[in-house]
Amino acid sequence: QIRVQAKEAGLPIVGDKKYGSEEDSRLNPINRLGLHASSLIFTHPGLKKSMCFFSPLPKAFLGPFKKDLKWIEKVFSKAD
């Protein structure tokens, strides 16, 4: 759903072959879909317990933004 909403807002996700633009498919510096969840939290349907999973930002995501690395690290440190 988020991929469709991003396209409708004129902000297609990098690497999205289905909903992205043709230009985006040629200009994909990370060679994958540009979505990442740094955390995922949900209630387990059987255990009825909150389950939390965390994943660091993939290094491939940082390459195109090396000049902005300090800003990215600052934003993600606030999200914790």
task: Specify the residue that is modelled with the highest pLDDT; the eligible residues are those in region 50-73 that are loosely packed, with under 10 Cβ neighbours inside 10 Å, more than 26 Å from Lys17 (Cβ to Cβ) and not hydrophobic (A, V, I, L, M, F, W, C).
output: Ser50
message: Could you tell me how many of the residues in region 1-17 are under 17 Å from Ala37 (Cβ atoms), assigned to a helix (DSSP H, G or I) and not β-branched (Val, Ile, Thr)?
response: 3
- prompt: How many residues does region 36-60 hold that are under 12 Å from the mean Cα position of the chain (by Cα) and in a loop (DSSP other than H, G, I, E, B)?
  reply: 7
- prompt: Of all residues in region 32-49, how many are loosely packed, with under 10 Cβ neighbours inside 10 Å and closer than 18 Å to Val14 by Cβ?
  reply: 1
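The values are calculated or read from the model by the stated rules, or taken from the named source; none is laboratory data. Since we're looking at a predicted model, the values are computed, not measured. No Cβ is skipped: glycine too gets one built from the backbone with ideal geometry, and neighbour counts run over all protein chains shown.
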